[in-house]
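The next block holds one structure in the form of C-alpha cells; read it before the comments.
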Amino acid sequence: MDNEVDEEQPSWRGKLFNHFMSAIKYLLLLFRWVPNYFSGDPETKTKPPNPSIPHRPTDTSTDHSFQFAFNNIDFSDRTLRLEITKIGSPSDVEGVRQSRWWWWWWRRPKQEEKRLRAVTLHVNSAILAAKSPFFYNLFSNGMRESLNKHSATVLRVDASEEAAVMELLHFAYAGHLSRETAESPSAVLDVLRAADKFDVVSCIRHCSVLLRDSSPMTEESASTYLGLPHSVLAREEVRPLMDAVMEVVSARFKDVTDLRSEMAKLPLPLVEALLWRDDLSVASEDKVYSTVVEWAREKYPEREERCRILGSNLARLVRMPHMSWEKLREIVKCGDDIDKELVSEAVIDALIFKAAPNSHVQQRMLVDAANDRFYVARSYRNRPVKVVELERPRPHCIVYLELKREELARLKRTEEMRSEIFRLRAHAFYLVFEHYTSTADSTSFFAVFLVTKGGGTVGGKWGVESAVRMMPGGEFRSNEAVQCEFKNGVKWAEPHIFGALWADFMANNGSYFVDGMFHLRVELGLLRQGQQSSVFTF
C-alpha cells in the first residue's frame, strides 16, 4: 500500500506542476501581446507572434475550387464558431481579439445584446488565411484559440450579416457565389460589405463585376452603390463598378447648374461623385459653388449640419483655385452656409495657387498634390483668364487667355464660347468667341467680341488693343486698336477686337496656333474725353 501511495504522489504533483507551467506560459504570452496591441502601432498589432507562419499571405486567386472541403471535417484543421447576435456586437479584428478576456467585458461600454444562436463550422485555416489578412491574423495571433487547434475560434456576427458571412466563407473555398446570391443584387451588395469588413479582396472584385453586369445601371442603383462605405469606394477592386456608376451619373447630371431643382433630391455620395469629375460641364466654378450651396440649403435645413457638410465633405471638392476673387471673398464674408474654420484652409490654398507668380509654380503645386483634384481645372464653358490690373498712366487692365485648337474646331455657327468675367474697377466685361457666317456672301469668320455684363452700365469710350501669338516665331503680334462705346443699353461692342477667315484661322499650316493653343492678349482702358485712338502699346 505504501509503495502504491508513493507511486501515485509524484504523478499528482507532476500534473499540478504541468498545469502551473502552462498557466505561466499563457501569462507570459499575454504580457508579450497586450502591450503591443495597445501601442497604437498597426505593425505591432498585426504582426503575428506565431513563428510557425513566417509571413503574411496575399490573396492569389486561382481557378482551383476547394468547394468540396467547405465544412468538411476530413479536410479541416480548425473549428469556427459563429455567434449570431441581435444587436451589433464586435465582428472586427479588435472585437474578436478583445472578447477573449474577462477584463474586456468589464472595460467595454455597456450595450445590451442578445445571442440568438451559434453556428459551428469545420474550416481549413490555410484556405481562409490565404484569402484574407483578417483570417490570417485570427488564426495566427498567438492566443489560446490559435495555439490550441482543438478549441473553437469564436467570431461574432450580427444577425443581419449572417447570410452574407456564410456566403463569403463559401466563396473563399469555391471562388464564386451561389446561384441564388449571384442573381440578387441586394444579396451581392451585402456580401460586398462583408468582404470589405473581413478583407477578402478577391470577393470584393468578384462582387463588383457581378453588380456591374447583373442588370442595367439606373440612377437609383448608382445612388445605392455610391452610398457604400468609403473604405469600399476607395478600393481599386471596385473600379469596374464605379466606372459604370459614373457613366450614368455623368450622362444624367453632367451640368449640375442646369439641374438645380433635381439636385435637391440627390444624396450626399452622389453629389460628391459629381464634384469629383473633371469633365463636369459647367460655366464656371463659381456656378458650381452656388449650386452646391443651394443643394445644401434644401437638403440640410439645419444650419449647423449644413455648415459641417459644406465644410468637411464638399470644401475640397469645389475647385476653389479656379473660382473668381469675388466669389472667394464672398465665401470668407458669408457665415450662414459654411463653417469658416473648416473652409479657411481650402480658401487659403486657393488664394496661394491664384497668386502663384507663373504657371510653372502652379504646375509644381499640381504635381505635389497628384491625388488632389482641388487644383485641377474642369472643362469650363466660360474659359479662364489671367488679368493684370494697372493704375498708371491711367486705370487699365491686360487680359490673357488660351484656347485649345480642338475646342475651337468644335465651335458651331449656332453657339458661342465665353471667357470668365473680368473687372476694371467697378465695370465687368467678358469676351465672346464666335464662328459665324456673313449674310452678304456666306463667308465663314472667326471673331472675338468685347461684351459688358449688364449692358448700358458702362459709360464713355473704351480703347481696346489685342495681340495674338503667331508662328513661326511665336511672338505676340498686335492687331489694329479699336474704340468701343456702350450706351443706350448696348451690350456688345462693335467692331470685333479680332477677326479672321475661318478657313485661314483653322488651316493646318496656319500661323494662329502655337503648340496647339490660340494665345490672345487684350488691353482695355477708358479713353480720355476727346481722345480718338488707343494709346496702348505693347
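The values are calculated or read from the model by the stated rules, or taken from the named source; none is laboratory data. Keep in mind that what you see is a predicted model, and the values were worked out from it rather than measured. Please note: Cβ atoms are built from the backbone with ideal geometry, for glycine as well, and neighbour counts cover all protein chains shown. The protein model used for the area step is the full one, side chains on, heavy atoms only, and it has no ligands, DNA or RNA in it. Shrake-Rupley method; radii C 1.70, N 1.55, O 1.52, S 1.80 Å.
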Note: among Asp213, Asp158, just one is open to solvent by less than 30 Å² (accessible area, probe 1.4 Å) and of a type outside the set (Gly, Ala, Ser), namely Asp158
Go through (1) open to solvent by less than 20 Å² (accessible area, probe 1.4 Å); (2) over 30 Å from Val343 (Cβ atoms); (3) β-branched (Val, Ile, Thr) one by one and return the number of the condition Val399 breaks. (2)
Can you name the number of the only condition in (1) within 13 Å of Arg81 (Cβ to Cβ); (2) modelled with pLDDT under 85 that Val165 fails? (2)
Val288 surrounded by 21 or more Cβ atoms within 10 Å (Cβ to Cβ), more than 29 Å from Pro185 (Cβ to Cβ), modelled with pLDDT of 85 or more and within 19 Å of the chain's Cα centre (by Cα): yes
Look through the stretch 367-380, keep the residues that are at pLDDT 75 or above and in a helix (DSSP H, G or I), and return whichever of them is nearest to Asp278 (Cα to Cα). Arg373
Every residue from the stretch 234-251 that is of a type in the set (A, V, I, L, M, F, W, C) and touching a residue at least 12 places away in the same chain (Cβ under 8 Å): Val238, Leu241, Met242, Ala244, Val245, Met246, Val248, Val249
Check the stretch 394-406 and report whether any residue there is within 18 Å of Ala481 (Cα to Cα), touching a residue at least 40 places away in the same chain (Cβ under 8 Å), of a type in the set (Lys, Arg) and assigned to a strand (DSSP E or B). no
Could you say whether any residue in the stretch 267-285 is within 23 Å of Pro384 (Cβ to Cβ), at pLDDT 85 or above and either among the acidic types (Asp, Glu) or open to solvent by 10 Å² or more (accessible area, probe 1.4 Å) (or both)? yes
Determine whether the stretch 475-495 contains at least one residue that is at pLDDT 85 or above, more than 26 Å from Val282 (Cα to Cα) and either in contact with a Cys (Cβ under 9 Å, 6 or more places away or on another chain) or of a type in the set (D, E, K, R) (or both). yes
Say whether the condition of being more than 22 Å from Asn382 (Cα to Cα) and modelled with pLDDT of 80 or more is met by at least one residue in the stretch 255-266. no
Any residue in the stretch 461-481 that's farther than 17 Å from Asn509 by Cα and open to solvent by less than 10 Å² (accessible area, probe 1.4 Å): show its pairings with residues that are of a type in the set (Lys, Arg) and part of a strand (DSSP E or B) at Cβ separation under 9 Å, as long as the two are six or more apart or on different chains. Ser466/Arg521; Ala467/Arg477; Ala467/Arg521
Under 9 Å by Cβ, and 6 or more places apart or on different chains, what pairs join a residue from the stretch 215-233 that is touching a residue at least 40 places away in the same chain (Cβ under 8 Å) with one that is open to solvent by 30 Å² or more (accessible area, probe 1.4 Å) and not in a helix (DSSP H, G or I)? Ser223/Pro267; Leu226/Pro267; Gly227/Pro267
Identify, by number, the condition in (1) modelled with pLDDT of 85 or more; (2) over 20 Å from Met517 (Cα atoms); (3) open to solvent by less than 30 Å² (accessible area, probe 1.4 Å); (4) under 28 Å from the mean Cα position of the chain (by Cα) that Ile352 doesn't meet. (3)
Inside the stretch 99-139, can you point out the residues that are at pLDDT below 80 and crowded, with 16+ Cβ neighbours inside 10 Å? Ser99
Would you please name the residue that is farthest from the chain's Cα centre (by Cα), looking only at residues in the stretch 311-332 that are at pLDDT 85 or above and closer than 15 Å to Leu270 by Cα? Val318
Condition first: buried (at least 18 other Cβ atoms within 10 Å of the Cβ), in a loop (DSSP other than H, G, I, E, B) and without any contact (Cβ under 8 Å) to a residue 60 or more places away in the chain. Now tell me which residues in the stretch 498-511 satisfy that. none
Give just the number: which of (1) touching an Asp or Glu at 6+ places or on another chain (Cβ under 7 Å); (2) open to solvent by 30 Å² or more (accessible area, probe 1.4 Å) does Val388 not satisfy? (1)
Look at the stretch 185-199 and say how many of its residues are open to solvent by less than 10 Å² (accessible area, probe 1.4 Å) and closer than 18 Å to Ala222 by Cα. 3
Of the residues Arg383, Arg469, Arg425, Arg392, which single one is of a type in the set (Lys, Arg) and modelled with pLDDT of 90 or more? Arg469
